[in-house]
DNA sequence: GCCAACGTTGGC
DNA sequence: GCCAACGTTGGC
């Protein structure tokens, strides 16, 4: 059992849970975190074996699509040093990398997407970070109780 | 260190 | 495409 739980947002038009299932070893580096708070969470909180809710954002039906585990803990994101990358950061210093990423492995798809609408309608999930006004963090902590409730709703 | 301007996120 | 909310930047 994972020790801690997180929610990672991704736009399915860019990278969906099915894309992750189709990836080699169902694993991908979680690219492009360029927010300091999210970076600090990756650095200080996210450990190998932790559970991840894969959340689809900016799409027709936002919601949790599947479950993942952390396959590799934080390491420097190579894209920050690549001038051709969208994630290039001219201020990043190879001797002191500014941005990190973790590897995420797909575990299983939920039988049905746990939609944002459903999360909002579920009292046990009323305190999820996701629902906090104006919260745009792409990486958020999830409590064990919330994790359990999402799994139940999703038919896992 | 303030704060206005600007860019991004993400639901709708 | 709109817009609210928030983060970042840069002039002073």
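Bear in mind these aren't lab numbers, they're just calculated from the coordinates by the rules spelled out. Computed from a prediction, not measured in an experiment: that's the story for all the values here.
Kirkwood Rh over alpha-carbon pairs of chain A, then Stokes-Einstein at 25 °C and 0.890 mPa s: what D in µm² s⁻¹, rounded to an integer? The diffusion coefficient I find is 154 µm²/s. Each eigenvalue of the Cα gyration tensor of the stretch A:80-156, multiplied by 5 and square-rooted, gives one semi-axis; in descending order these are 34, 16, 11 Å. Return the inverse of the average 1/r over all pairs of distinct C-alpha atoms in the stretch A:53-112, which is the Kirkwood hydrodynamic radius, in Å to one decimal. Mean inverse Cα-Cα distance, inverted, gives 13.7 Å.
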